[in-house]
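Remarks on the structure that follows.
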Amino acid sequence: MANNDSVLDVCATNFTTSAVKNEVRVFETEIGGRKFSVEIGKVGLLTNGAALVKYGDSVLLSTVVASKEAREGIDFFPLSVDYEEKMYSVGKIPGGFVKREGRPSEKAILNARLIDRPCRPMFPDGFFNEVQLVISVLSVDQDCPPESFSITAASMAIAVSDVPFEATVAGVVVGYVDGEYVVNPTVEQMEKSKLNLTVAGTHEAIVMVEAGADILTEDEMLNAIMFGHREIQKIVEFIDNVRAEVGKVKMPVPEIIVNEELKKKVYDFAYDRMDQAVRIHEKKARNYACDDIKKELLEAFKEEYPDDLKTVAAFYKKIEKETVRKLIIHEGIRPDGRKYEEIRTISTDTSLLPRTHGSALFQRGLTQALTITSLGALSEAQRIDGLGIEESKRYMHHYNFPPFSVGETGFMRGPNRRAIGHGALAERALVPVLPTEEAFPYAIRLVSEIVTCNGSSSMASICGSSMSLMDAGVPISAPVAGIAMGLMQMDDKIVILSDIQGLEDFMGDMDFKSAGTREGITAIQMDIKIDGLSEDLLRKALAQAKEGRLHILDEMEKEISEARPEMSPYAPRVYSMQIHPDKIRDVIGPGGKVITKITTECDVKIEITDDGLVLITAADGKGGEEAKKRIEAIVKEIEVGEIYTGKIVRIMNFGAFVELIPGKEGMCHISQLDTKRVEKIEDHFKVGDQITVKVTEIDKQGRVNLSRKVLLKEEEKAAAESN
């Protein structure tokens, strides 16, 4: 027994000693004038790499874990990125019955995409180990929002790990306040900012851009991006210094061994035939031709190379990519025969769906976006249970991409990350042109149904949405159009393509989406598959995108150029009025009786804000007008000399109490009920009778005195004079 105790004591001692030997290293710098610190070795001790990253009072735990080896037979890089919002980070308890975090919020999904897009291209070719990046939000300082440094935090964890990474990346948010660019703006600065731009890049180049803007010029946007890149360069140097001190030795990347003999045979068999197939302009015919080549190729090689058919298929994809790129870059021929700057044929239509509040079909080439507008009461705005200060939003844009849109079968489930991202991009593009809540007190939902897709569907949804809003009678300040730009590079030659279709997107080196009005940009999104984009190329892409955007707006405005003067008869009518806050209790009434009566009898919904804004939502104008009239009567101050027709609600020995307006009564003394003497009120009147009276006095206590007698005498006098 003593020996066992001795062994336990030794084990406990060894465990304790081991636990306290963790070496914690802290590194600090400044970003945007605020301290940015990284702690390595404090938490996440069993990960490949972990960093506790602090910016102001915001804290992120960034971790990366990689499998020890790739799964057998895998030929793609299995990276997953998760952005975990913890409600305790802002001192909240999650809503609902479960009371714990569940499915990621839309904002968390968008943040995960922002991290994934610049990081994924930096993992080396041939590295197929499973990798998981998890960014956990532990504490939130609203002036240092986690999304402003989440890309940097992810890069930091990878940098100090043994997971191979070809180039260090970092990211910042750029605002534009009073003509000055601001890095990682505070809440106050962002409220004034005309720009919300996220830029990610390496030391040498920009690799990702995501922005919403209040109609900025191309030069203003370019300068903002380059301003952000200069800040990124400083952060990248900081990360590289941390890696030099505490980074692990990177694990080896398997050498890509090419079977040159097999490659030559595949190329000899398929290259010339593929070169002819990709010149077919019509998409279906081209796809059929390419599919036939692949089938014949696999059939021809299955006997001699039965174990290498995956390699054969990979060579086939390379041939397809090479022939498409060569055709575009060296011969100037795009798959559908267009020139580099040429936009596909556009057709538009509105008011397709008779019972919706607004609808539009935008078609560019084969891509079709059918967008529907729904209007509702402000109470139907989306509630947001997240980490930010925003609690609700009245404008929602949803994007659906069913499998039939590309001629395929698939599961019809909820939106994936791509669909959520495309919806958010379209939403961001249209926010600057929407009317204010005061000018147009409606909740607005847009749904873009992609019914056919051959590339640039997110931009088509923006165009269709702009037209759908105008069709619904929403007074937007200007139409918005979107265009997707592409870039291809081969043999030191670079071309920029306007309005890319699906094949050009898949085979290209850049996907650059730009949306805006005639005056400027409202949203951009860019992803680079090569080392990065220079300032000159970005300037050229922005200028070419503007030309395309103006052409698309011209085509859209042939169908509709401004909001229709009348809304759909099936859209709800919202009436707004401002009352004094002290009058709110009068409109609501004791126990809510007054407002309940109005909503029931007029068939309306009524919302009242603390500052006295009253919003009445009605299915038709008649009910809304009646409800508004009743509320106006309630809040109207009763004045001496005014005449009311009211209902007797109580009878006393000395007089009758008359309800002049809901919740307000006056007293008509027995002597003022008639020109003749009234001995007993009940002999002439009963509760519920309607009588017309005149206000004769309002005493210091606010009591209202009425007279029916005065009006009767006036009638007698008028009758006598007419005779």
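Computed from the coordinates by the stated procedures, all read-outs in this text should not be read as laboratory data. What you see is a predicted model; the values in this text were computed from it and never measured. Every residue, glycine as well, gets a Cβ built from its backbone with ideal geometry; the counts of neighbours run over all protein chains shown.
Assorted remarks:
- 20 Å Cα-Cα reach of Lys546 towards lysines, excluding residues that sit fewer than 8 places from it in its own chain: Lys194, Lys339, Lys513, Lys558
- Eligible aspartates and glutamates near Lys583 by straight Cα distance, threshold 15 Å, same-chain separation 8 or greater: Glu607, Asp610, Asp611, Glu632, Glu637
- Local electrostatic count, Thr522, Cβ distance below 15 Å [Lys/Arg +1, Asp/Glu -1]: 0
- Divided by 2.2 N^0.38 Å, where N counts the residues, the Cα radius of gyration of the chain comes to 1.29.
- Candidate lysines for bridging to Lys713, where Cα separation is under 17 Å - those fewer than 8 sequence places away on the same chain excluded: Lys676, Lys694
- Take the Kirkwood radius over Cα pairs of region 643-722, plug it into Stokes-Einstein at 4 °C and 1.567 mPa s, and you get 101 µm²/s for translational diffusion.
- Helical runs assigned H by DSSP (4 residues or longer) give the chain a calculated mean residue ellipticity at 222 nm of -11000 deg cm²/dmol, each run adding -39500 (n - 2.57) before division by the residue total.
- Cross-link pairs Lys393/Lys605; Lys686/Lys709; Lys622/Lys647 - those with Cα-Cα distance over 22 Å: Lys622/Lys647
- Dimensionless Rg over Rh [region 567-643; C-alpha; Kirkwood]: 1.00
- Axial C-alpha extent at least 15 Å, average Kyte-Doolittle at least -1.0 - helices from the chain (DSSP): 2-19, 106-119, 150-160, 218-246, 283-301, 309-331, 417-430, 457-471, 535-557, 621-635, 709-722
- Between Phe404 and Gln382, residue separation times 0.36 nm minus the direct Cα-Cα distance comes to 5.0 nm.
- Cross-linked pairs Lys597/Lys664; Lys284/Lys318; Lys68/Lys248: Cα-Cα separations exceed 18 Å for Lys284/Lys318.
- 5 angstrom amide H check on Val474, placed H, neighbours 5+ away: Arg564
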